[in-house]
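Structure, as structure tokens:
The values are calculated or read from the model by the stated rules, or taken from the named source; none is laboratory data. The structure presented is a predicted model; accordingly, all values stated were derived computationally and were not measured. Cβ sites come from the backbone with ideal geometry, for glycine too, and all protein chains shown count toward neighbours.
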Amino acid sequence: MTRIDDLPVRDELRGKSPYGAPQLDVPVRLNVNESPYPMPEQLVRRIAERVSDAARTLNRYPDRDAVVLRTQLADYLTRTTGHRLGPNQIWAANGSNEILQQLLQAFGGPGRTALGFDPSYSMHPLISRGTGTGWISGPRTAEFDIDTEAAVAAIHEHRPDVVFVCSPNNPTGTAVSPETVLALYEAAQAASGGPGALVVVDEAYAEFSHRPSLLSLIEGRPTLVISRTMSKAFGAAGLRLGYLAADPAVVDAVQLVRLPYHLSAVTQATAHAALEFSDTLLGYVEELKAERDRLVVELRVLGCEVTESDANFVQFGRFADPHDVWQRLLDHGVLVRDNGVPGRLRVTAGTRQENDAFLDAVRAVMKENNE
């Protein structure tokens, strides 16, 4: 039987595995940072209305530049962060992963490198590899923070073309201070020897953070980009809508590599409807933040080490064999995530009932360990 490595694939793809997490039919699924709340019925009806209207013109291509959607996204960010933005500073695509891919297509590629700070979002190196961009793994502290001095030194040493900062960080949940981001940005400009390396702050979980968004930092910094998604706070993982905020020149640059008509009319219509209900959806975020904080407290009471989280998930441990603990939690009907971080697992904040089931499963596994 023919294998991938029997085909003439690029050398840097040989022996690699695609991104993925187990999709198992279990009572409690807390492994991929989805919202546990279905869309409210009023929003479902509004989506149906919007999509029905779009269906009448599906014989035509959609708005290639998604101007109305970008205007709505700019208004949303202005309202929720206090930092005024215009639609020329916003770009949208099929999930934040496509945003990251377009950025690497425009600013990375063969002969160029990207640097990130591991453990972090595993798609950063995967998308880098897929675009022919070299990947460099930068340092973190034992507490999973970015050591600013060590990170600046790594930038000066490797002179990357793109720097990734995840805040809050996935899978650890840790946020990054504005001072650290500014230090990395300044180092990236000084080390580039040219117009400056691109610094991408991945804020997929920003709405869950105790800290303000880093969006205000883009003012006067033309190579600083903030990436966002509607998958998490909007509870719209199935929509696949991501976006960025940056200097208008960055928006112009990614349009050089975007596929024509990349956002379907149905996607745009659904996103329009979801943005109309942003206040309702952000109300669910407040509930999930409270549940996340409860998980942190309860896991510590159970004797677990827990990383402080600004996201909708919690990293916990420390286990001699985390995959064994993962399997035993699964045996109790609860699916969490084994990200490969030594000694640790990650659980998504679910409904109160789901979180109770998870905590009961942890108690049972720990009791088994002590018998």
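Quick notes on this one:
- Subset of segment 1-37 [in contact (Cβ under 8 Å) with a residue 40 or more places away in the chain and outside any loop (DSSP other than H, G, I, E, B)]: E12, L13, V28, R29
- Residue that is surrounded by the most Cβ atoms within 10 Å (Cβ to Cβ) [pool: residues in segment 225-241 that are touching an Asp or Glu at 6+ places or on another chain (Cβ under 8 Å) and closer than 19 Å to H83 by Cβ]: R228
- Of the listed requirements (1) in contact with a Lys or Arg (Cβ under 9 Å, 6 or more places away or on another chain); (2) in contact (Cβ under 8 Å) with a residue 40 or more places away in the chain, L330 misses just one: (1).
- Close pairs (7 angstrom Cβ cut-off, 6 or more residues apart or separate chains): assigned by TED's automatic domain parsing to the domain that holds A206 in segment 227-241, aromatic (F, W, Y) and outside any loop (DSSP other than H, G, I, E, B) anywhere: R228/Y243; A233/F208; G235/Y284
- Taken across segment 74-81, residues that are surrounded by fewer than 17 Cβ atoms within 10 Å (Cβ to Cβ), assigned by TED's automatic domain parsing to the domain that holds S216 and not in a helix (DSSP H, G or I) do not occur at all.
- For D252, the conditions (1) among the charged types (D, E, K, R); (2) surrounded by fewer than 21 Cβ atoms within 10 Å (Cβ to Cβ); (3) outside the structural domain of Q89 (by TED's automatic domain parsing) all hold with the exception of (3).
- Single residue of S264, S216 found to be surrounded by 15 or more Cβ atoms within 10 Å (Cβ to Cβ) and not assigned by TED's automatic domain parsing to the domain that holds N312: S264
- Residues in segment 160-208 that are out of contact with any Cys (no Cβ under 6 Å at 6 or more places or on another chain), among the charged types (D, E, K, R) and either closer than 16 Å to A245 by Cα or buried (at least 18 other Cβ atoms within 10 Å of the Cβ) (or both): D161, E203, E207.
- Restricting segment 274-311 to residues that are aliphatic (A, V, I, L, M) and buried (at least 21 other Cβ atoms within 10 Å of the Cβ) leaves a set whose member that is nearest to L58 (Cα to Cα) is A274.
- For G111: the one exception among (1) touching a Cys at 6+ places or on another chain (Cβ under 6 Å); (2) farther than 13 Å from D202 by Cα: (1)
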